[in-house]
Amino acid sequence: MQTFSNPVLSRTQAEAALDRAVAQVRRNLPLYAGCCQNHSSVNGVYPPCGNDQWTNGFWPGEIWLAYERTGDPDFREAGLATVPSFHRRIVEKIVVDHHDMGFLYSPSCVAAWKLTGDKTAREAALLAADQLLTRFHPVGDFFQAWGAMAEPGNHRFIIDCLLNLPLLYWASRETGDRKYRDLARRHIATCLRYSFRPDGSTYHTFFLHPDGTPDRGETCQGYRADSFWARGQAWGIYGSVLSYRYEPRPEYLDTFRKALDFYLSRLPEDLVPYWDMIFQDGSDEPRDSSTAAIAACGLLEAAASLPADEGAACRRLAGQMLFSLAKDYVPSQVTPGGGQLLHGTYSKQSPYNTCVPEGVDECTSWGDYFYMEALTRYLTQWNPYW
C-alpha cells in the first residue's frame, strides 16, 4: 500500500470538524423542512426540491449523523419528519424505477429504524428492498441501473450499485428471507467480474447482451471510455469492503486492495482527486471532494476487517484525506443552505461523454453526507446505516 507524508487529522481536529458540520446541519434545518435538498448546490447553496431525485436520502442521513453526535431531540424529530415522504414515495412509486434504493433508503429510513425503532421507516425500507429486487436480471445476474427492463440497450449496471446492496442484506436480516442477500451476492460476483479492470481501475458502466454474456465496459460519467472516473473508483473501494462486512469472502478484500492501490497511484499531492483520475497535479480540471470522502469511509470500514498493520495504515490514510478535506475544502464562511464540502463534481461534460453538466465545482449532497460519515467513523465505533 502506497504511503504519503501528508498530515493526519488529530482527534481534536476531527471533533471540531464534525461539530462544525453538525452546526451547518442545524443551520439548514428550517430551510428544508417539508422538502429535500437538490443533488448539488447552485452557487454554493442547495435549492429545495421534491422527493424525486436519487440523492434525496443524503440530507436525512446528515440529520441522523448530527443526532448521533449530539443526542439533540431536535435532530431526532427532524429526521423522523422526513420518513413520511420516503414512505409515500415508495408506496406510490414516485421515481423509484431504478436501482438507487439503497442511496435513498439506507441513510434515511434504515437509519431512522436503527436509531429510533420507527416502524414506518422500517416498512418503507423493506418496500424499497422489494423494489430493488424488481431490477434484477436472472440472465446475467445483475441489477439493471435504469430504463425499461425489456429494452436490450438498457442491459447495464453501474459500479455505484455496490452501495445499494447493503439494503438487501439488511432486509434479509430483518425478515429472515435469504432472497435479498442471495441476489445481492449474485450481483456482486458479476460486478467484480466485469467492473474492475486488471489494473484495479473501474468502469462506470458495464453492458451485457440479453443472453447474459458480456458486451463492453464504458466510463460514461468519466472523461472517456478508457479513463478512470474518480467517484466510480471510490464506489468500488467502499462497496467491495462493505460487501466483505456481510460476507467475508477473500475476493472482496482482494478487489478492495487492487482498487485502492490504483486509486492511491493516481492521487494529486493533497489526496483529493480530480473528477477523472486521468488528470493529475497541474491540471485545471475540477476536483471531486466527494470522492475523497467516500474513499475515506471505505478505508475506515476496511480498518476493522484487515490485519492490524494493514488496518492501521488504512486508518492513517483516511486521517490524511480527512485532514486535507477539513483544511482546504470546507467553506470558510457560514452560508445558510450551504454544504459541508466545496469543490465537488456531480456531472462534468467532456468531448467524449454525453453528461449533462451539473454541480461542477459545487457542494454535493452525498459529499456532505460521506464527509460526516467519515468523521463519525474516525471518532467512534459506528454502526453503519449501510
For a quick check of your reading of the model, give me the residue pairs whose first member lies in segment 9-21 and is under 12 Å from residue 374 (Cα atoms), whose second is open to solvent by 60 Å² or more (accessible area, probe 1.4 Å), with beta-carbon atoms closer than 8 Å and at least 6 apart or on different chains. 18/69
Can you work out which of the residues in segment 279-313 that are without any contact (Cβ under 8 Å) to a residue 24 or more places away in the chain and part of a helix (DSSP H, G or I) is nearest to residue 349 (Cα to Cα)? 303
Which numbered condition residue 79 misses (of (1) open to solvent by less than 10 Å² (accessible area, probe 1.4 Å); (2) over 24 Å from residue 363 (Cβ atoms); (3) free of Cβ contacts under 8 Å to residues at least 40 places away in the same chain): (2)
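Matching residues to (1) open to solvent by less than 50 Å² (accessible area, probe 1.4 Å); (2) closer than 23 Å to residue 355 by Cα; (3) within 18 Å of the chain's Cα centre (by Cα):
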position	(1), (2), (3)
214	no, no, no
222	yes, yes, yes
228	yes, yes, yes
232	yes, yes, yes
236	yes, yes, yes
242	yes, no, yes
254	no, no, no
272	yes, yes, yes
276	yes, yes, yes
Residue check, residue 337 against (1) open to solvent by less than 10 Å² (accessible area, probe 1.4 Å); (2) of a type outside the set (Ser, Thr, Tyr); (3) closer than 21 Å to residue 232 by Cβ; (4) not in a helix (DSSP H, G or I), all met but one. Which one? (3)
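Can you tell me which residue within segment 356-386, out of those that are assigned to a helix (DSSP H, G or I) and in contact with a strand residue (DSSP E or B) (Cβ under 7 Å, 6 or more places away or on another chain), is surrounded by the most Cβ atoms within 10 Å (Cβ to Cβ)?
Applying the first criterion (assigned to a helix (DSSP H, G or I)) to segment 356-386 yields 365-379.
From the residues that got through so far, the ones that are in contact with a strand residue (DSSP E or B) (Cβ under 7 Å, 6 or more places away or on another chain) too are 365, 367.
Values: 365: 29, 367: 31.
Within segment 356-386, the match that is surrounded by the most Cβ atoms within 10 Å (Cβ to Cβ) is 367.
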Identify, from the list 347, 332, the residue that is surrounded by fewer than 21 Cβ atoms within 10 Å (Cβ to Cβ) and in contact with a Cys (Cβ under 8 Å, 6 or more places away or on another chain). 347
Return the only residue of 376, 335, 354, 291 being of a type in the set (Val, Ile, Thr) and closer than 26 Å to residue 113 by Cβ. 376
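Based on this model, can you work out whether residue 271 counts as touching a residue at least 60 places away in the same chain (Cβ under 8 Å), assigned to a helix (DSSP H, G or I) and of a type outside the set (Phe, Trp, Tyr)?
No, not satisfied.
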Within segment 299-320, identify whether any single residue is modelled with pLDDT of 95 or more, of a type in the set (D, E, K, R) and farther than 20 Å from residue 271 by Cβ, and answer yes or no. yes
Quick check, is residue 291 in contact with a Pro (Cβ under 7 Å, 6 or more places away or on another chain), within 30 Å of residue 245 (Cα to Cα) and open to solvent by less than 10 Å² (accessible area, probe 1.4 Å)? yes
Which of the residues that make up segment 151-198 are acidic (Asp, Glu) and open to solvent by 40 Å² or more (accessible area, probe 1.4 Å)? 151, 174, 177, 182
So, restricting to helices (runs of 4 or more DSSP H) that lie completely within segment 1-113, which ones have at least 3 residues that are under 20 Å from the mean Cα position of the chain (by Cα) and under 22 Å from residue 168 (Cα atoms)? 58-70, 101-105
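The values are calculated or read from the model by the stated rules, or taken from the named source; none is laboratory data. Only a predicted model underlies this, so the values are computations on that prediction, with no experimental measurement involved. Using ideal geometry, Cβ is built from the backbone for each residue, glycine included, and neighbour counts are taken over all protein chains shown. For accessibility, only protein heavy atoms count, side chains too; no ligands or nucleic acids. Shrake-Rupley method; radii C 1.70, N 1.55, O 1.52, S 1.80 Å.
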